[in-house]
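Single-structure report; data block below.
Each reported figure results from applying straightforward, stated rules to the coordinates on display, with no laboratory input. Note that the structure is a prediction, hence the values are computed from the model and not measured. Virtual Cβ from ideal backbone geometry, glycine too; neighbours counted across all protein chains shown.
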């Protein structure tokens, strides 16, 4: 049956963030650089080899006169004309497809860019409409004690800039059900009712009659998140109630 899919020129790009001026892609199977495609119908791995004078990218279907050509990405890009179907097929089956390089899909790129722009707009609208109380809470989590020396216009400016540069993170923070608790933890630290020791690995009470160690921060965990989790536990609930009551008295 004749293939009715129209042939077209395709462009490919390297996926790495830093693209070299010239990059040569492996073009034939070898022990050092295995290029194998698992054929589901035959149940075997088939070696790949690019040779422009052949009609297939599979080495077991090529004749003995294969003329090998290098595959070179210039400035991170490779354009393959519609007439070179062997190379397009070779790149389709290549194990590096999707990891080392990818086919340029303008419609997909536009869709992803639109989603990114919309996410940024949503984050900035959310940041713009924050109440003063929530603005302070979010700012305290992002900027710590420096919030106490900043004006509301300064905070609004910085949060809007943050929303532009880190929209997903800003949305997550604002919608986090633990936002109030995390803000309170920052205030407990700012008021010196809780203090860090040993390079922020241990947390101690700093209260009248109680200077005991409260907890150790697990390795590689954010200390504020760890304190929040502890204060929600059975062991920390009474301390949380006391600290929160003290916070209300200071307002």
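Each principal axis of segment 177-251 carries a Cα extent, and these read 34, 32, 23 Å when sorted largest first. Note on residue 154 and residue 225: their simple-model spin labels are 2.9 nm apart, each label 7 Å out from Cα toward Cβ.
Size descriptors for segment 10-104 (Cα atoms only): Rg and Dmax, in that order, 13.2, 39 Å. Taking the fewest neighbouring Cβ atoms within 10 Å as the starting point, the ordered list for 240, 12 is 240, 12.
Full extension of the segment from residue 122 to residue 108, taken as 0.36 nm per residue of separation minus the current Cα-Cα distance, would add 2.9 nm. Inverting the pair-averaged 1/r between distinct Cα atoms of segment 103-143 gives 12.2 Å as its Kirkwood hydrodynamic radius. On a per residue basis, the convex hull of the C-alpha atoms belonging to segment 105-176 measures out at 78 Å³. Taking only the alpha carbons of segment 150-216, we obtain Rg and Dmax values of 15.8, 46 Å in that order. Calculate the tail of P(r) for segment 49-118: the fraction of all Cα-Cα distances greater than 20 Å, expressed in %. Every Cα pair in segment 49-118 considered, those over 20 Å come to 41 percent. Computed over all pairs of different Cα atoms, the Kirkwood value for the hydrodynamic radius of the chain is 23.7 Å.
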